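Laboratory data are not the source of any read-out in this text; all were calculated from the coordinates shown. Because the structure is a prediction, the values reported are computed rather than measured. A quick note on method: Cβ atoms are made from the backbone with ideal geometry, for glycine too, and the neighbour counts reach across all protein chains shown.
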Amino acid sequence: MFIENYKADALASFRNYKKMAERAIQQVSDDEFFRTIDAEANSIAVIVKHIAGNLHSRWTDFLTSDGEKPTRNRDTEFEMIADTRKSLEKFWEAGWRELFDNIEPLTADDFAKTITIRGEPHTVVEAINRQLTHYSYHIGQIVLLAKHFRSSEWKTLSIPRNKSAEFNKFVEEELKAGELKTERLETSFEFSGRLNKKAGR
């Protein structure tokens, strides 16, 4: 039971962070997608490419091969080499498909196995947690950049400033109606979406 609960929660978390990134990316123009805010910063495009490269490397043959594939060139993930927004979004989507296709079938017996990343042994739980924290870190960067570029036109993805009391009331009403979303973050997405619609965004 514990393993099934953990796996379900991990999958829900991955899906919600993916959705958060995509809702932020949808708000930026092509120029903003590739723009950097200073010489040391990564663009949204670079972060997308890096996450996708990591997804492919870590999750392809997850239980049977090292998570750092010999075919991966991590350094080029931080360069734009004939990359387009469309090609990067396709690379991103395929990488997430590798993750879900490899986590969803995991059994309780699989969770007793040891996998390696750069030769370092990890339990399956450790490997999942490692990537969950890694992706959420970078997705936070994507959201920050998108919000910076959109400024006053930003459509919030979480509880808006000074709206906590309204959000709590919204949650209470959803609970009473039996309509509260089971996916983490989805309730705040719906709440912020209603506010954005009222504001004409």
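Quick look at the values:
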{"quantity": "Ratio Rg/Rh, restricted to the stretch 1-112 and using Cα atoms, in which Rh is the Kirkwood radius", "calculated": "1.02"}
{"quantity": "Extension gain from Ile117 to Asn129, taking 0.36 nm per residue of separation minus the Cα-Cα distance", "calculated": "3.0 nm"}
{"quantity": "Spacing of the two label points (7 Å from each Cα toward its C-beta) at Ile81 and Ser151, in nm", "calculated": "3.6"}
{"quantity": "GNM result for the chain, Cα springs below 10 Å: residue of Ala21, Ala177, Ala45 fluctuating most strongly", "calculated": "Ala177"}
{"quantity": "Theoretical FRET efficiency, 1/(1+(r/R0)^6), r = Cβ-Cβ of Asp109 and Glu22, R0 35 Å, to 0.05", "calculated": "0.55"}
{"quantity": "Stretchable slack from Asp101 to Ala39, in nm (0.36 nm times residue separation minus alpha-carbon distance)", "calculated": "18.6 nm"}
{"quantity": "MRE, 222 nm, helices only [DSSP H, n ≥ 4, -39500 (n - 2.57), over the chain, to nearest 500]", "calculated": "-19500 deg cm²/dmol"}
{"quantity": "Top of Glu77, Glu126, Glu172 by mean-square fluctuation, Gaussian network on the chain, Cα under 10 Å", "calculated": "Glu172"}
{"quantity": "Flagged links, alpha-carbon separation over 30 Å, of Lys18/Lys198; Lys7/Lys163; Lys176/Lys198; Lys113/Lys147; Lys90/Lys169", "calculated": "Lys7/Lys163; Lys113/Lys147; Lys90/Lys169"}
{"quantity": "Max mean-square fluctuation residue, GNM over the chain, Cα-Cα springs under 10 Å, options Ser152, Ser65, Ser13", "calculated": "Ser152"}
{"quantity": "Label of the coordinate-derived value, Kirkwood radius over Cα pairs in Å, listed as [x] 18.6; [y] 16.5; [z] 17.6", "calculated": "[x]"}
{"quantity": "Table column - 3J(HN,Hα) (Hz), the stretch 88-94, Karplus curve with 6.51, -1.76, 1.60, x for Gly and Pro", "calculated": "6, 5, 5, 4, 4, 4, 5"}
